Amino acid sequence: MAFSSLLRSTSTAPLIEAPHVELSPSSSDRFKVSSINFKHHLKSSQSIFVTSVPSRSSSIHRRSARSFQSIKATATEIPPAVLKSRSDGRTKVGINGFGRIGRLVLRIATMRDDIDIVAVNDPFIDTKYMAYMFKYDSTHGVYKGSIKVLDESTLEINGKQIKVSSRRDPAEIPWGNYGAEYVIESSGVFTTIDKASAHKKGGAKKVVISAPSADAPMFVVGVNERTYKPNMDIVSNASCTTNCLAPLAKVVNEEFGIIEGLMTTVHATTGMADSSILILRPVLYHLVGLKITTGSEIVLYIFDAKAGIGLSASFVKLVTWYDNEWGYSNRVLDLIEHMALVAGHN
């Protein structure tokens, strides 16, 4: 399965010669980024994206490293607990749809101190099978914590109780009774504002759709989450492919300018995105690579420098790898926490 998208820039600019950039080690701060076989060094001041996101944002973490390092990414390696607490406590979240994304969101939430999953709804899975699928995952391995079925409406994960319901109509799910303020709509069914708004009838305040939406505002953390407004009750976390492409396109467009581009994603378990981009001004391929590897303070993709190529002075082919499950599920929770932080400041 392949997906392609045409990128066009509304701005025009004359072609100019690419500036010469000295690449040398420095004692200044450096950032650990995801890259494969890309060993050049770049001062942090050479990227305009190093400070593009406020340091107070809970979803962004600055890293220091002596040089760019290749990062080994395996599906069974689980990162340590992520500490992102706010002064006013955890954000209460409910999950509708206990499929791949729903289960991984719950796994990840158990390792964070800013998100509290209080309820799960799925009309097609009973509580015992929920526990089984949550614990045993062929891709991400066996869950290391504890999970118990207390009764048909209650799970206990690491000593914390999570309510379970099986309502088909989202308007009938009592999110308010469970204490859920935010709902992750991961059933793949209720992906429009009208359909997802039904969750609000049960007491939810905000809904995040874990899929593209035809009419809901779409956000990619690290790209445009700062355009979120408190009055947006139904939003989309976009697609996993968009979460790979958008940060890449943002870096290239803001550093060099994009005239147009073609993107193809290769679906094995959804792993690779191939982007061919026509840029505004001539530039060497390795300079594009340097900007990409320093363009984001969160790991949104793995840039494969040796797989890409500079086809001409203004046309490059870029190859990146991304995680459509674990990585995407992390971004869903990051978006929710960003929304909660915005709400806390208003």
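The values are calculated or read from the model by the stated rules, or taken from the named source; none is laboratory data. Computed from a predicted model, the values in this text were never measured in an experiment. All Cβ positions, even for glycine, are placed from backbone atoms using ideal geometry, and neighbour counts span all protein chains on display.
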Original post:
So, of the residues in the range 155-178 that are in contact (Cβ under 8 Å) with a residue 24 or more places away in the chain and assigned to a loop (DSSP other than H, G, I, E, B), which turns out to be surrounded by the most Cβ atoms within 10 Å (Cβ to Cβ)?
Top reply: 173
Original post:
Do the conditions hold for residue 322, that is, is it in contact with a Cys (Cβ under 8 Å, 6 or more places away or on another chain) and either at pLDDT 80 or above or over 28 Å from residue 229 (Cβ atoms) (or both)?
Top reply: yes
Original post:
Which condition number in (1) under 24 Å from residue 325 (Cβ atoms); (2) in contact (Cβ under 8 Å) with a residue 60 or more places away in the chain is the one that residue 181 fails?
Top reply: (1)
Original post:
Based on what the data block shows, is residue 255 within 18 Å of residue 212 (Cβ to Cβ), in contact with a Lys or Arg (Cβ under 9 Å, 6 or more places away or on another chain) and either modelled with pLDDT of 80 or more or of a type in the set (Gly, Ala, Ser) (or both)?
Top reply: no
Subject >> Check on residue 202, assigned by TED's automatic domain parsing to the domain that holds residue 338, in contact with a helix residue (DSSP H, G or I) (Cβ under 7 Å, 6 or more places away or on another chain) and at pLDDT below 95 >> reply: no
Original post:
Among (1) within 27 Å of residue 326 (Cβ to Cβ); (2) under 25 Å from the mean Cα position of the chain (by Cα); (3) among the aliphatic types (A, V, I, L, M), where does residue 193 come up short?
Top reply: (1)
**OP:** Please name all residue pairs, on different chains or six or more residues apart, with Cβ atoms under 7 Å, provided the first residue is in the range 127-142 and is farther than 19 Å from residue 165 by Cα and hydrophobic (A, V, I, L, M, F, W, C) and the second residue is in a helix (DSSP H, G or I) and modelled with pLDDT of 95 or more.
**Re:** 142/135
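Listed here are the residues, each with its yes/no results for (1) buried (at least 19 other Cβ atoms within 10 Å of the Cβ); (2) within 22 Å of residue 247 (Cα to Cα); (3) in contact with a strand residue (DSSP E or B) (Cβ under 7 Å, 6 or more places away or on another chain); (4) modelled with pLDDT of 95 or more.
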| residue | (1), (2), (3), (4) |
| --- | --- |
| 48 | no, yes, no, no |
| 73 | no, yes, yes, no |
| 83 | no, no, no, no |
| 106 | yes, no, yes, yes |
| 109 | yes, no, yes, yes |
Subject >> Condition check for residue 194: more than 23 Å from residue 110 (Cβ to Cβ) and free of Cβ contacts under 8 Å to residues at least 24 places away in the same chain >> reply: yes
Subject >> Residue ID - surrounded by the fewest Cβ atoms within 10 Å (Cβ to Cβ), chosen from residues in the range 111-120 that are without any contact (Cβ under 8 Å) to a residue 60 or more places away in the chain and either under 20 Å from residue 150 (Cα atoms) or of a type in the set (Asp, Glu) (or both) >> reply: 113
Subject >> the range 147-178, residues that are farther than 25 Å from residue 325 by Cα and out of contact with any strand residue (DSSP E or B) (no Cβ under 8 Å at 6 or more places or on another chain) >> reply: 151, 159, 169, 171, 172, 176, 177
Original post:
Could we say that residue 113 is out of contact with any strand residue (DSSP E or B) (no Cβ under 9 Å at 6 or more places or on another chain) and among the acidic types (Asp, Glu) here?
Top reply: no
